[in-house]
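Visitor: The structure follows.
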Amino acid sequence: MSDQSAPDDIPEFASEVRRFLDAHAGRPRESTAFVWGEGDDRLAYFSADPPEVEQSKVRQAREWQRTRFEHGFGWITGPPEYGGRGLTPVHDMAYDAVEAEYDVPDTGTLSVVGLGMIGPTILAHAQQHIKDRWLPAMYRGDAIACQLFSEPGAGSDLAGLSTRAVRDGDEWVVNGQKVWTSVAHHSQIGLVLTRTDPDAPKHRGITAFLVPMDTPGVEVRPLRQMSGGADFNEVFLTDVRIPDDHRLGEVNGGWTVALTTLMNERATVGSEGAGPAATAQSPERLAALLHATGTAQDGALRGRLAELLADTLATEHLNVRALRRMRSGVTPGPEMSVSKLMYAQNLTRAAHFAADVLGPRAIADNGHWGTYGWTELLLATPALRILGGTEEIMKNILAERVLGLPKEPGIDNRSPFRELRRSGGEGDAV
Ligand SMILES: Cc1cc2nc3c(=O)[nH]c(=O)nc-3n(C[C@H](O)[C@H](O)[C@H](O)COP(=O)(O)OP(=O)(O)OC[C@H]3O[C@@H](n4cnc5c(N)ncnc54)[C@H](O)[C@@H]3O)c2cc1C
């Protein structure tokens, strides 16, 4: 399958989706039109819910994913042998469009990292028994997956990671620390990158494994962010024994595995069309904000708003194309960095635009609808420019791999890992 026009059966498929949603989902939303002063005005990127509320939302997300899966909508483009439907990305997008009209639980905890990034990586690189065991479980909502890549000394310079795996018969013994691991506290499995040959150049001594999170020696500690919630974790790995048959790809071939995850990460983050981005960048909401604050005639603000909305629309079109390719099994390329970059920039611009319009009302709760509600999103914007690869790294990738500009000097791809300077990495961006 490749990028393609709509198959003939889409109207029929959309009717089937509607019948399923009528029978199993919350009633269709009466109107998706934005009306100033109506509904919840809170805009947030990360969760700031108390733990019991968060747990209950995750439970609902799992149940909804299971219902989708049992009715053939859990993995629309997936191979039938793992419970997928084997349909095209156009079917997948048609499903999303119809489902958006209904009240259904947010399944982001399962989909952003697990189904969006780790699922495609398992499909591409895992051994058969791992695919059989975990792919249906993930797409049925039974298993949530996390990405155990970043470390305190390896983020942008991911290939500089130091978590060590040493072979012991049919097992590997893993020791090290990961950080910023989103959803690890909800996860049953993690994809972990380890150093298996310190004498090889850094990209060539890495091996990837799938680790069940209940393996002895795996310890998850939450990190609290300034917007209130704790969506990320530190994960400590102490003498964790992983069977060799849980390895993905070749021994010391983990960089190839990591690239599959990272390309899907950029595409997934960049193409998160719904949720906070759609709400915060909604033309109706932003225009209503100008009217409600008496600034609708301010030429400078109007100009900024027009520019933002034009960029948002252009990004949406780019993402639709990217999503089609990704969902049809084409590994996203370096051009995905544009989506990630634009997603973070547009959402940040929308939050900053609102903050400039609102002034002190954005940071002091005066009880007025649509004002203080922007705060949580505003506090999340610095993270948007970091997660999934920082803004500087995205620009480096674009410069080198899309525009063909010269490579960043000073990156050592030849010396053994153990001889490299280990102070804060060399900036060898992934
Ligand atoms: C919300 C959030 C969720 C995350 N979830 C996960 C997760 O689930 N799993 C996971 O493994 N990781 C996760 N991360 C980690 C994320 O991938 C890293 O934070 C990111 O790659 C940056 O690495 P770092 O924090 O070590 O910063 P550093 O790499 O230390 O960068 C510090 C600064 O230096 C700049 N810099 C670094 N190298 C260069 C260069 N070569 N050229 C120019 N500038 C450079 C960076 O752009 C940045 O501004 C998450 C991060 C966030 C914020």
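Readers should treat all values here as calculations from the given coordinates under stated rules, not as data from a laboratory. No experiment lies behind these values; they were computed from the predicted model shown. All Cβ positions, glycine included, derive from the backbone under ideal geometry; neighbour counts span all protein chains shown.
Visitor: Among L87, L21, L313, which one shows the biggest mean-square fluctuation in a GNM of the chain, springs joining Cα atoms closer than 10 Å?
Guide: Greatest mean-square fluctuation among the candidates belongs to L313.
Visitor: Using the Karplus equation 6.51 cos²θ - 1.76 cosθ + 1.60 (θ = phi - 60°), what ³J(HN,Hα) coupling, rounded to whole Hz, does each residue of the range 389-399 give in order, writing x for Gly and Pro?
Guide: Each residue's phi maps through the Karplus curve to give x, 5, 4, 5, 5, 4, 5, 4, 5, 4, 4 Hz.
Visitor: Taking the Cα centre of the chain as origin and charging only Cβ (+1 Lys, Arg; -1 Asp, Glu), how large is the dipole, in debye to the nearest 20?
Guide: The calculated dipole for the chain is roughly 620 debye.
Visitor: Related question: Taking amide hydrogens as modeled 1.01 Å from N in the peptide plane, which residues meet the under 5 Å criterion relative to C146, leaving out close sequence neighbours?
Guide: Result for C146 returns I189, G190, L191.
Visitor: Would you work out the relative contact order for the chain, in percent, from Cα pairs under 8 angstrom that are 6 or more residues apart?
Guide: 18
Visitor: Moving on to the next point. Enumerate the calculated ³J(HN,Hα) couplings along the range 301-314 in order (Karplus 6.51 cos²θ - 1.76 cosθ + 1.60, θ = phi - 60°), each rounded to whole Hz, writing x wherever the residue is Gly or Pro.
Guide: In residue order, the calculated couplings are 5, 4, x, 4, 5, 4, 5, 4, 5, 5, 5, 4, 5, 4 Hz.
Visitor: Let me ask something else about it. May I ask you to evaluate 6.51 cos²θ - 1.76 cosθ + 1.60, the Karplus curve with θ = phi - 60°, for each residue of the range 150-166 and list the ³J(HN,Hα) values in order in whole Hz, giving x for glycine and proline?
Guide: So the Karplus estimates, Gly and Pro as x, are 5, 10, x, x, 8, x, 4, 8, 4, 5, x, 5, 10, 4, 9, 10, 10 Hz.
Visitor: What do the square roots of 5 times the Cα gyration tensor eigenvalues come to for the chain, in whole Å, largest first, as semi-axes of the equivalent ellipsoid? Working shown, then result.
Guide: Numbers: eigenvalues 257, 145, 91 Å².
In descending order, the three semi-axes are 36, 27, 21 Å.
Visitor: For W75, list long-range residues whose amide hydrogen, built 1.01 Å from N in the peptide plane, is under 5 Å from its own amide hydrogen.
Guide: Amide H neighbours of W75: R85.
Visitor: How much length, in nm to one decimal, is gained on full extension between T256 and E392, taken as 0.36 nm per residue of separation minus their Cα-Cα distance?
Guide: Once the chain is fully extended between T256 and E392, it gains 46.7 nm.
Visitor: Given the C-alpha centroids of the range 180-252 and the range 63-90, what is the distance between them in whole angstrom?
Guide: 27
Visitor: In addition: Using a basic spin-label model with each label point 7 Å from the Cα along Cα→Cβ, how many nm lie between V402 and R59?
Guide: Going from the V402 label point to the R59 one covers 4.4 nm.
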